[in-house]
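Input: a single structure, listed below in structure tokens.
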Amino acid sequence: MPGQMTSLTPDVSHLKSGEVNLGTSIMACVFPGGVVIGADSRTTTGAYIANRVTDKLTYLHERVYCCRSGSAADTQAIADVAHAQLQLYAMQHSERPSVHIAATMLEGLCYSNKDRLSAGLIVAGWDPLEGGSVYNIPLGGGLFKGPWAIGGSGSTYIYGYCDATYREDWSKEETVDFVRNGEIGGEMGMGWMTSYLLPSLLALALAMSRDGSSGGTIRMAIITEDGVERIFVPGDQLPKFWEKA
Amino acid sequence: MGGFDFSNDLRNNSLAAKNLHLPNATSTGTTIVGCLYDGGIVLGADTRATAGPIVADKNCEKIHYISDNIRCCGAGTAADTEFSTALISSNMTLHALSTGRKPMVVTAMTMLKQMLFQHQGQIGAALVLGGIDDTGAHLFTIHPHGSTDKLPYVTMGSGSLAAMAVFESFWQPKMTRQAAIDLVCEAIEAGIWNDLGSGSNVDVCVIEKTGTEMLRNYKTPNEKVLKERNYKWRRGVTAFTKEEVRKFVVKEEVVTVQGAAGVMEVDA
């Protein structure tokens with residue numbers, strides 16, 4: 001609009017009163033062969049937790065998921081539209097959409113409606129062209145590809161941790177073996193943790209312990225060529241840090 | 001100009017800033033709950049409707065019909081819940097006829113959430129939707145802005161925190177029908193006693209594969225108590241010195257009109 005100052009930071013940041021908020025800590029990380037995505041499970045309306053076991057890892061297509069943060073209503077509506085559009089794409093092209101296609105689709109929705117939406121998304125998945133890829137779509141509707149991404153109100157607390165810890169050379173072998181053997185979901189021993197899963201899990205747990213709008217349980221998913229493996233970490237089994245309690 | 005016109009909303013907001021507020025719509029205040037058990041779903045609701053601090057209706061019905069196998073409890077603005085559920089119920093019938101299939105709970109949920117999202121929260125309907133279809137028993141909660149959650153037990157309305165405290169303490173998976181009904185009753189009563197926006201009676205609705213049973217006023221813990229004394233003055237207590245009776249019906253004439261057509265004929 002004429003007369004308004006153009007700014008790199010959009011004015012869209014606040015939920016309307018009474019709107020349900022996915023406070024949130026979400027993250028995604030690429031490894032050779034796929035991606036690991038994760039999220040907390042808390043949805044709040046003001047100070048009340050409307051849903052303490054939310055699933056914020058939303059199916060968009062067979063090997064493409066998105067992590068949702070911001071307004072619950074806005075992100076659910078966006079994901080539903082993208083889900084439908086991607087189904088249409090698959091039918092028209094007789095092939096699965098790549099992660100890049102899904103990401104640009106969501107970017108289109110978020111950018112063109114930026115003044116009406118409060119949505120921070122991370123799109124992640126696997127396709128035969130690129131392997132695993134992660135795209136961050138923060139509030140303004142920009143698209144940022146990278147090896148890892150974090151988002152939501154809890155992410156601010158773990159930027160330092162993630163920057164310091166991320167390594168490109170985490171082994172593929174250990175990751176895939178442990179996933180394939182299905183040790184995840186059995187005993188939560190430290191054995192299965194020597195993979196891309198552990199840093200992601202710790203990052204989320206750190207964010208959840210400091211951010212009031214994040215909490216509950218941790219949900220993760222590993223997306224590879226072979227499929228999507230879901231992991232659930234209940235609240236009492238979350239990693240603990242320096243605090244004894 | 002496409003899309004919606006929110007200029008009235010802008011006007012209302014600027015008037016409110018000058019201390020000229022909209023009148024209070026009748027709100028259901030409300031405690032509504034839903035609970036999944038071994039054989040299906042139990043829905044519960046209180047029966048108080050408020051207009052600000054006044055109780056507008058002491059025994060209103062908050063469990064709305066969507067289809068034979070699906071019901072929806074409504075909290076928030078009474079008119080909005082009533083009309084939203086009625087519209088979706090109508091559309092569900094049309095949808096079932098069009099697809100030739102029995103209606104599914106997710107269909108009703110999607111219709112409701114898409115309508116509420118489209119109206120950006122202006123429709124103040126907070127709903128608990130439950131039902132059984134060929135895919136199983138499902139329970140959803142739908143917020144006014146259009147977000148939904150799928151859970152085994154849910155509460156909404158001003159009494160939701162009181163009711164949720166009961167559920168979080170006592171809900172278990174795979175309860176029996178009567179245990180679920182009792183739990184739902186306890187949850188609604190927690191709202192009735194502890195929330196000023198909820199009160200009067202408990203309505204319960206049990207949805208099973210074999211059918212739906214609506215238990216209207218399942219519990220009535222707020223019936224008006226019989227007064228201990230009779231406070232009416234008996235006849236003769238007030239003395240009078242003069243009695244005068246006046247008849248006001250001066251003349252009454254009955255005229256028969258010829259047939260139905262004759263009454264309505266305007267051209268003749």
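The values are calculated or read from the model by the stated rules, or taken from the named source; none is laboratory data. Computed from a predicted model, the values in this text were never measured in an experiment. In this analysis, Cβ positions are derived from the backbone assuming ideal geometry, glycine residues included, and neighbour counts consider all displayed protein chains. What goes into the accessible areas is simple: the full protein's heavy atoms, side chains included, and nothing from ligands, DNA or RNA. Shrake-Rupley method; radii C 1.70, N 1.55, O 1.52, S 1.80 Å.
At a glance:
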quantity: Total residues in the range A:32-74, condition within 14 Å of another protein chain (Cβ to nearest Cβ), basic (Lys, Arg) and either assigned to a loop (DSSP other than H, G, I, E, B) or out of contact with any helix residue (DSSP H, G or I) (no Cβ under 8 Å at 6 or more places or on another chain) (or both); calculated: 3
quantity: Residues satisfying the stated conditions in the range B:212-253, i.e. assigned to a loop (DSSP other than H, G, I, E, B) and either surrounded by 10 or more Cβ atoms within 10 Å (Cβ to Cβ) or touching a residue at least 24 places away in the same chain (Cβ under 8 Å) (or both); calculated: B:Thr220, B:Pro221, B:Asn222
quantity: Pairs where the first residue, in the range B:5-17, is at pLDDT 85 or above and the second is open to solvent by 90 Å² or more (accessible area, probe 1.4 Å) and not in a helix (DSSP H, G or I), C-beta under 8 Å, 6+ apart; calculated: B:Leu15/B:His21; B:Ala16/B:Leu22
quantity: Any hit, the range B:191-210, residues being assigned to a helix (DSSP H, G or I) and without any contact (Cβ under 8 Å) to a residue 60 or more places away in the chain; calculated: yes
quantity: Residue among A:Ser155, A:Ser133 that is farther than 28 Å from A:Gly215 by Cβ, crowded, with 22+ Cβ neighbours inside 10 Å and within 13 Å of the chain's Cα centre (by Cα); calculated: A:Ser133
quantity: Yes/no for B:Asp149 being open to solvent by less than 30 Å² (accessible area, probe 1.4 Å) and either at the interface with chain A (Cβ under 9 Å from one of its Cβ atoms) or among the hydroxyl-bearing types (Ser, Thr, Tyr) (or both); calculated: yes
quantity: Residue match in the range B:179-187 (condition: within 14 Å of another protein chain (Cβ to nearest Cβ), out of contact with any Phe, Trp or Tyr (no Cβ under 7 Å at 6 or more places or on another chain) and not small (Gly, Ala, Ser)); calculated: no
quantity: Single match in A:Ser112, A:Ser98 (criterion: among the hydroxyl-bearing types (Ser, Thr, Tyr), within 13 Å of another protein chain (Cβ to nearest Cβ) and open to solvent by 10 Å² or more (accessible area, probe 1.4 Å)); calculated: A:Ser112
quantity: Enumeration of residues in the range B:64-91 that are farther than 18 Å from B:Gln122 by Cα and either surrounded by fewer than 24 Cβ atoms within 10 Å (Cβ to Cβ) or in contact with a Lys or Arg (Cβ under 9 Å, 6 or more places away or on another chain) (or both); calculated: B:His64, B:Tyr65, B:Ser67, B:Asp68, B:Asn69, B:Cys73, B:Ser89, B:Ser90, B:Asn91
quantity: Single match in A:Ala124, A:Ala77 (criterion: more than 14 Å from chain B (Cβ to nearest Cβ), touching a Gly at 6+ places or on another chain (Cβ under 9 Å) and open to solvent by less than 60 Å² (accessible area, probe 1.4 Å)); calculated: A:Ala124
quantity: Residue within the range A:16-29 that is crowded, with 24+ Cβ neighbours inside 10 Å, within 11 Å of the chain's Cα centre (by Cα), within 14 Å of chain B (Cβ to nearest Cβ) and at pLDDT 95 or above present; calculated: no
quantity: Checking B:Ala96 against (1) more than 29 Å from B:Asn201 (Cα to Cα); (2) part of a helix (DSSP H, G or I); (3) without any contact (Cβ under 8 Å) to a residue 24 or more places away in the chain, the condition it does not meet; calculated: (3)
quantity: Yes/no for B:Ile123 being assigned to a loop (DSSP other than H, G, I, E, B) and either within 22 Å of B:Thr47 (Cα to Cα) or open to solvent by 10 Å² or more (accessible area, probe 1.4 Å) (or both); calculated: yes
quantity: Flag for B:Ala162 being within 21 Å of B:Val202 (Cβ to Cβ), aliphatic (A, V, I, L, M) and more than 11 Å from chain A (Cβ to nearest Cβ); calculated: yes
quantity: Given (1) crowded, with 17+ Cβ neighbours inside 10 Å; (2) in a helix (DSSP H, G or I); (3) within 14 Å of another protein chain (Cβ to nearest Cβ), number of the condition B:Thr110 does not satisfy; calculated: (1)
quantity: Out of B:Leu94, B:Leu116, B:Leu129, sole residue that is more than 14 Å from every other protein chain (Cβ to nearest Cβ), open to solvent by less than 30 Å² (accessible area, probe 1.4 Å) and not β-branched (Val, Ile, Thr); calculated: B:Leu129
